[in-house]
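Enquirer: Questions regarding the structure given below will be posed in turn.
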Amino acid sequence: MEFIGRAREQAKLIEQFSSPAQNATLIYGRRRVGKSELILHTMRQAQAAGTRTIYYECRQTTAENNASSLSEVIGGAFDMPPLAFANIEAALRFVLERALSEKIVLAIDEYPYLRDVVKGMDSILQALLDEYRDRSQLSLVLCGSYVEVMKSLLEQDNPLYGRVDLKINLQPMDYLESSQFYPERPCADKVRLYSVFGGIPYYNRLIERDRSVRENLINLVLQPDARLEDEVPAYLLSEVSKISNAHEVFLALADGQTRYKDILSQSHISSGATLVNVLNKLIEMQLVARRAPINDPMNKKRTSYVICDGLTRFYYRYVFRYLSQRSVLDPGTFYDRYVNDDFEQQFVPHAFEEVCKQYLVRQNRAGNIEPPFDLIGAYSYDDPATRTNGEFDVVTRDLLGYAFYEAKFRSTPVTQRMIDEEIGQVQQTGLACHRYGFFSRSGFETLPDGRTELIGLEEMYE
């Protein structure tokens, strides 16, 4: 299976695995983001270069069972008969002793499972790493999906504090890396697929090349017993104690309610304190993001919350909301009646704004935007004429001031009249910009000038 993306993370791991010194790496991130595949792929490269590698995935069983399983893996790595270590500490000590004379990479995946069943596991590791630090050539990798637990290993009161040489918080891929999973698709379909499956490698590998976007969504999410039908609720059940509160929050967010007071009033959550706890948990799980306008970051009243995971947003906007209708309709009929129009007119255009932000960040990091911006996000404004407030979704700030961008996922080209109207609306709010940019799915019926930048969809995927 071809490994896609993650060049920066691979380079960091290879540097660790190539070092003759002992080192420790911490890798964490949400489930399905590709942590294990990254480790295994990079370990295969190290193995091809002559380094001995050991990969062990911890189990939700007893300490004794994990010790026995790890012993078996270690025996296999050294081409030895089955080994029988008394406990985890003895097994790890054996590896460290061997690492005195050769470079070894040891990856312990799903480390929180082991931590739960082995008393003082962090202290055991700390003592071993300290004992062998100046003599061993071991590269230790600890990996886990429980982000809160993994982050706690870096805190000052944890025994492993100061022992981690490299930390990788693995994030979903961006739109361009994700498109490598379906390179033959038209660019508009790439946006559609990214809007649902995002930058999660596991989801993207399930996309079938010979099926349309509609067919893939039906096959993977909407039809009974689809591969990803229970993906979202299963992930929530594994980490959220009261699932009904999470359902309420997601339904409000999927319906476009982004402000705290609106989420609280629309949901049936009992109190503000409970809502805060639920939101914080979903943010920690990397399913929800808290966003503040770049021109008023400390104003809590203008802070918004959005679902930042495409599959979760799709599930609550269409599947969870219409469970009854879905249960009695053919999947194709359900899609055409309850998904298709809203998906094209609301869901994908909303995701296209995020794609445009990612494009701008890529260009900025590559040195292609002058002057480079230091902030990107929404810009909040008050309209005295209508006594309302609103937001521009894609605005950047640089040394010269602000640049405004508009994303149009329309089936027809953007015209000069549309551009003039957009710029006029921006100027009426008092936002003075030195640059105006327009993204268009279907091209333009005008030419760029010194004031405007026109960016077509094909250019974004070059």
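Enquirer: Please enumerate the residues belonging to the stretch 129-158 that are within 21 Å of SER36 (Cβ to Cβ), part of a helix (DSSP H, G or I), of a type outside the set (A, V, I, L, M, F, W, C) and open to solvent by less than 70 Å² (accessible area, probe 1.4 Å).
Expert: SER152
Enquirer: Now, a different point. Given (1) open to solvent by 10 Å² or more (accessible area, probe 1.4 Å); (2) within 30 Å of ARG30 (Cβ to Cβ); (3) modelled with pLDDT of 95 or more, identify the lone condition not met by LEU100.
Expert: Of everything listed in (1) open to solvent by 10 Å² or more (accessible area, probe 1.4 Å); (2) within 30 Å of ARG30 (Cβ to Cβ); (3) modelled with pLDDT of 95 or more, LEU100 misses just condition (2).
Enquirer: Do we find that ALA107 is within 24 Å of PRO159 (Cβ to Cβ), touching a residue at least 60 places away in the same chain (Cβ under 8 Å), among the aliphatic types (A, V, I, L, M) and not in a helix (DSSP H, G or I) in this structure?
Expert: Taking the combined requirement at face value, the residue satisfies it.
Enquirer: Restricting attention to the stretch 17-51, and to residues there that are among the hydrophobic types (A, V, I, L, M, F, W, C) and out of contact with any strand residue (DSSP E or B) (no Cβ under 6 Å at 6 or more places or on another chain), which single residue is farthest from ARG6 (Cα to Cα)?
Expert: Checking each candidate, the answer is ALA21.
Enquirer: Where in the stretch 186-302 are there helices (runs of 4 or more DSSP H), lying fully within it, with 3 or more residues that are touching an Asp or Glu at 6+ places or on another chain (Cβ under 7 Å) and surrounded by 18 or more Cβ atoms within 10 Å (Cβ to Cβ)?
Expert: Result: empty, no element qualifies.
Enquirer: If I filter the stretch 117-127 for residues that are of a type in the set (Asp, Glu), in contact (Cβ under 8 Å) with a residue 24 or more places away in the chain and open to solvent by 50 Å² or more (accessible area, probe 1.4 Å), do I get at least one hit?
Expert: No, the stretch 117-127 has no match at all.
Enquirer: Please identify the pairs in which a residue from the stretch 435-460 that is touching a residue at least 24 places away in the same chain (Cβ under 8 Å) and closer than 21 Å to THR396 by Cβ has its Cβ atom under 6 Å from the Cβ atom of a residue that is among the β-branched types (Val, Ile, Thr) and part of a strand (DSSP E or B), counting only partners at least 6 apart or on another chain.
Expert: TYR436/THR452; PHE438/VAL414; PHE439/ILE455; SER440/VAL414; PHE444/VAL414
Enquirer: Filter the stretch 1-24 for residues that are part of a helix (DSSP H, G or I), loosely packed, with under 14 Cβ neighbours inside 10 Å and among the charged types (D, E, K, R) and give the result.
Expert: ARG8, GLU15
Enquirer: Also, I was wondering about something else. How many residues, within the stretch 342-373, are within 22 Å of the chain's Cα centre (by Cα) and either modelled with pLDDT under 95 or open to solvent by 20 Å² or more (accessible area, probe 1.4 Å) (or both)?
Expert: Residues meeting the conditions: 13.
Enquirer: Also, I was wondering about something else. Before we move on, is VAL339 touching a residue at least 60 places away in the same chain (Cβ under 8 Å) and either closer than 18 Å to CYS187 by Cα or open to solvent by 50 Å² or more (accessible area, probe 1.4 Å) (or both)?
Expert: Here the answer is no, as VAL339 does not meet what is asked.
Enquirer: Another one. Here are some conditions: (1) touching a strand residue (DSSP E or B) at 6+ places or on another chain (Cβ under 9 Å); (2) open to solvent by 10 Å² or more (accessible area, probe 1.4 Å). THR61 meets all but one. Which one does it not meet?
Expert: (1)
Enquirer: If you go through the stretch 126-146 one residue at a time, do you hit one that is within 22 Å of LYS281 (Cβ to Cβ) and touching a Pro at 6+ places or on another chain (Cβ under 7 Å)?
Expert: Yes, that holds for at least one residue.
The values are calculated or read from the model by the stated rules, or taken from the named source; none is laboratory data. Keep in mind the model is a prediction, meaning the values are calculated, not measured. Because the Cβ atoms are built from the backbone with ideal geometry, glycine has one as well, and the counts that use them run over all protein chains shown. The accessibility values were calculated without ligands, DNA or RNA, using every heavy atom of the protein model including side chains. Shrake-Rupley method; radii C 1.70, N 1.55, O 1.52, S 1.80 Å.
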